[in-house]
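Note sheet for the following structure.
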């Protein structure tokens, strides 16, 4: 991709209301654009990062047997009334009426919709277990949207649901998902604290949050490092008074959550199966979510410096940021050749071919944060080389053009 053709230019100033560093850098770097409070457009650079995260999630969830589907964003009132959540879910639903005066909701989560789908298609224990997931838009009627992508009103989420004939079978799959989540976050460069939490309006007997420590985190994690135990602030009363001094308070952002739903939804909605003895029983369910935009923002919170973003390799928008410095024909011609060769070899490269000053190009490269910066200049060509600098280190090295 030639940077002169890239839609979405870098900005010198961050939005006045951007307090989170991820919000500042993602807007300034040309990754996202705010449409209104809590609603963002992803520009080409940002969407490339988002898709990298999406593909990591898809690979790891497929690896534990998840089958990908796509559910509607709109859902009818009657499904939410079956579970009692039409008026009780928090944040409240975005509700609207169609031209026939029927009430529908924009889905903030999909327990009702997926349970309805499964109850129409599963009859026997022989059809269990299985797991379905989607990567799809969600709508949350938040009272206050803050931190750029960290708390929004529309976002894309991976939500996985598993269906079982017994609690013990659910527990086995629950552990598989936790391990898959650890792999996902590790590939994104994040090491969250697995934290016991309240099920909130989703419900369920066992709930764990994956909390990534950050300075701007809205959540507080109570963490005992020696014991390896962590609680969120809603469960502080579960910690014995005598042990509270062992727990440090850590600000964090929730990047994922897993719920052991049990029969909470299947019982209310009549999603049943016939077991091996001929008895009818409610299907046992699990629910597992990751917000992709929030994860993207959290990665920036974890990986940045005073100049800009420092993307981990697997989620970076491009592998190489190629810069041509100087207007001499031989310099530009050599840079063009290197760019063409990288493209032929399927190396993801952003080529800064713009007619801009050296300072602008170097500062933009630091802001955008691609893992490797390759500079072609008159000075580097005197050594028949390209100057290569990893974004995470200070000093560049020379690489012979013949070895590219």
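Brief remarks follow.
- The angle separating the long axis of helix 44-63 from the principal Cα axis of greatest extent in the chain is about 50 degrees.
- Once the Cβ-Cβ distance of residue 102 and residue 314 is raised to the sixth power relative to R0 = 35 Å, the FRET efficiency obtained is 0.20.
- Modelled label positions at residue 346 and residue 90, each set 7 Å beyond Cα in the direction of Cβ, lie 5.0 nm from each other.
- Rounded to the nearest 500, the helix-only mean residue ellipticity at 222 nm of the chain stands at -8500 deg cm²/dmol, with each DSSP H run of n ≥ 4 adding -39,500 (n - 2.57).
- From least to most packed, judged by other beta carbons within 10 angstrom and beginning with the fewest, 296, 157, 399 follow the order 399, 157, 296.
- For 352, 237, order by how many other beta-carbon atoms lie within 10 Å, fewest first: 237, 352
- The C-alpha atoms of the chain define a longest principal axis, and helix 358-368 lies at about 10 degrees to it.
- Measuring between their Cα centroids, the stretch 31-47 and the stretch 1-17 lie 12 Å from each other.
- By the beta-carbon count within 10 Å of each Cβ, the least crowded to most crowded order of 339, 265, fewest first, is 339, 265.
- In this structure, residue 13 and residue 330 have a Cβ-Cβ separation that, at R0 = 35 Å, corresponds to a calculated FRET efficiency of about 0.45.
- Inter-part distance where the stretch 69-115 and the stretch 125-141 are each reduced to a Cα centre, Å: 15 Å
- Computed over the stretch 198-312: relative contact order in percent, which uses C-alpha pairs under 8 Å that are six or more apart: 26 percent
- Normalised by 2.2 N^0.38 Å, where N counts its residues, the alpha-carbon radius of gyration of the stretch 59-191 equals 1.19.
- Multiplying the residue separation of residue 383 and residue 225 by 0.36 nm and subtracting their alpha-carbon distance yields 51.7 nm.
- Degrees, to the nearest 10: 167-187 long Cα axis against longest axis of the chain: 10 degrees
- Inter-part distance where the stretch 51-67 and the stretch 266-329 are each reduced to a Cα centre, Å: 9 Å
- Sites residue 390 and residue 77, calculated FRET efficiency, Cβ-Cβ separation with R0 51 Å, nearest 0.05: 0.40
- Ellipsoid fit via the Cα gyration tensor, the stretch 1-63: semi-axes of 24, 16, 10 Å, each the root of five times an eigenvalue, largest first.
- Fraction of alpha-carbon pairs over 26 Å apart in the stretch 255-404 - percent: 46 percent
- For the chain, relative contact order (Cα pairs under 8 Å, six or more residues apart, normalised by length) works out to 16 percent.
- Paired Rg and Dmax values of the stretch 318-403, which use every Cα atom, in angstrom: 11.7, 31
- Principal axis dimensions, largest first and in whole angstrom, of the chain by Cα: 81, 57, 42
- With contacts taken as Cα pairs under 8 Å and at least 6 residues apart, the stretch 282-404 reaches a relative contact order of 25 percent.
- Computed lengthening from residue 141 to residue 243, 0.36 nm per intervening residue step minus Cα-Cα distance: 33.0 nm
FYI, it's all coordinate maths here, none of it is from the lab. The shown structure was predicted, so the numbers you read here are calculated from the model rather than taken from an experiment. Glycine gets a Cβ as well: all are built from the backbone with ideal geometry, and neighbour counts include every protein chain shown.
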